[in-house]
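Below: one structure, written as structure tokens.
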Amino acid sequence: MTAKSNHHWAAAALDVLRVGEGFRLADVDPHSTPGYSGSKADAQDDLAAGVDELDPLQERLFAQSRVEPASASVLLVLQAMDSAGKGGIIRHVVGSVDPQGVMLAAFKKPTKEELAHDFLWRIQQRVPTPGMIGVFDRSHYEDVLIGRVRSLAPADEIERRYDAINEFEKRVTDAGTRVVKVMLHISPDEQRERLMERLDRPDKHWKYNPGDVDERALWPQYMDAYQIAFERTSTDHAPWHVVPADRKWYARLAVQALLRETLERIDPQWPTATFDVEAEKARLAAS
């Protein structure tokens, strides 16, 4: 914990926010800032310091893959109720690194073609390649969250999907991808305020979906669905992390810490030159 951006963290965010045995989502206060002792102003400074640390880590990850085809990659999975801040995470955290090293996939309602295949078919095509940071804005978990709450598939099919997800994520991690699964945990009161802001501001009307109000009526069912998903799919190879999201500044800082710590644990290295550097200097000087 020596990085400048770690100054106000009591421990690694990967440990503090991890869903472990006995975890209960109902015990997590969406307005809390677990593991972080700083203020909003401190968080702004730490977020900026984190950018300075995250950017070179991402560049080393990308550079290493140019020479080592089987090198590591990272997959950040973002799940949340609407207006919890996924877009802000993508802009302020993921958007702080070189875009050529990022693969972003936003999964919407399945198309007719996608529905003709198994639910993981479209997901498998968007897994990040070596050296890349992949981001799933919503993901395969929609198929056991909305699918469960809205009864979009038979109960036995929903049950099958949990095991299929675990098997899929094990294949992905065995192939060298670190999977960082994040649920941004917002309270219904905070969501109401954010949705109301979208209605109050003409420049945000495009972000408002009347269906979000309908989903609010099912809030307890969604929280139960998340709890079941955590119990069934928070594994050693792909654990879940729950980030309280009522305070946007904390959520962004926490996800940045999760991503940065993951890259630090990978510890990508600059690739060694595959040519004689001194000979190339001499050739270039003589040209």
For segment 227-248 and segment 84-124, what is the separation of their C-alpha centers, rounded to whole Å? 18
On a 0 to 90 degree scale, rounded to 10, what angle separates helix 248-266 from the longest Cα axis of the chain? 50
Solvent-accessible area of Asp214, probe 1.4 Å, all protein chains present, reported in Å² to the nearest ten, please. 90
Let me cross-check Val67: its accessible surface, 1.4 Å probe, with only protein heavy atoms counted, in Å² to the nearest 10? 70
Output ordering of 132-141, 34-43 (per-residue mean of other Cβ within 10 Å, highest first) is 132-141, 34-43
Which net charge results when you count Lys and Arg as +1 and Asp and Glu as -1 among the other residues whose beta-carbon is under 14 Å from that of Gly101? -1
To the nearest 500 deg cm²/dmol, what mean residue ellipticity at 222 nm is calculated for the chain from DSSP H runs of n ≥ 4 alone, each contributing -39,500 (n - 2.57), summed and divided by the residues? -14500 deg cm²/dmol
In nm², the average projected area of the convex hull spanned by the Cα atoms of segment 1-158 is 11.9
The ³J(HN,Hα) series, computed from each phi in segment 183-191 with the Karplus coefficients 6.51, -1.76 and 1.60 at θ = phi - 60°, rounded to the nearest Hz and given as x for glycine or proline, is 9, 7, 9, 9, 8, x, 5, 5, 4
For the residue pair Asp27 and Ala70, what label-to-label distance in nm results when each label sits 7 Å from Cα along the Cα-to-beta-carbon direction? 4.1
Convex hull volume of the chain per residue (C-alpha atoms, cubic angstrom): 173
Beta bridges per DSSP with both ends in the chain, % antiparallel, nearest 5: 10
Distances longer than 19 Å among the Cα atoms of segment 234-287: what percent of all pairs is that? 59
In the chain the accessible area split gives carbon plus sulfur, as whole percent at 1.4 Å, a share of 52
Computed label-point distance, nm, for sites Asn166 and Ala217 using a 7 Å Cα→Cβ extension: 3.5
Per residue, how much accessible area does segment 148-226 show when a 1.4 Å probe rolls over the protein heavy atoms, in square angstrom? 55
Take Lys248, Lys181, Lys109 and sort them by solvent-accessible surface of the protein heavy atoms, 1.4 Å probe, largest at the top. Lys109, Lys248, Lys181
Could you sort Tyr208, Tyr250 by their accessible area in this structure, using a 1.4 Å probe and putting the largest first? Tyr208, Tyr250
Once you put a point 7 Å from the Cα of Arg192 and another 7 Å from the Cα of Arg91, both along the Cβ direction, what distance in nm separates them? 2.5
What accessible area, in Å² to the nearest ten, does a 1.4 Å probe give for His205? 90
Whole-percent pair-distance distribution, where bins are 10 Å wide, for the alpha carbons of segment 186-287: 11, 23, 25, 15, 9, 9, 7, 0
With every protein chain kept in place and a 1.4 Å probe, segment 1-120 has an accessible area per residue in Å² of 51
Can you list residues whose amide H is under 5 Å from Arg178's amide H, if they're 5+ apart or on another chain and H is modeled 1.01 Å from N? Ser73, Val74, Leu75
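Taking a threshold of 28 Å on the Cα-Cα distance, which of the pairs Lys108/Lys248; Lys170/Lys248; Lys40/Lys108; Lys109/Lys248; Lys40/Lys86; Lys181/Lys248 fall above it?
Listed pairs above 28 Å: Lys170/Lys248; Lys40/Lys108.
The values are calculated or read from the model by the stated rules, or taken from the named source; none is laboratory data. Given the structure is predicted, the values throughout are model-derived calculations rather than measurements. Heads up, the Cβs are rebuilt from the backbone with ideal geometry, glycines too, and the neighbour counts pull from every protein chain shown. Areas reflect the complete protein model, heavy atoms only, side chains present, ligands, DNA and RNA absent. Shrake-Rupley method; radii C 1.70, N 1.55, O 1.52, S 1.80 Å.
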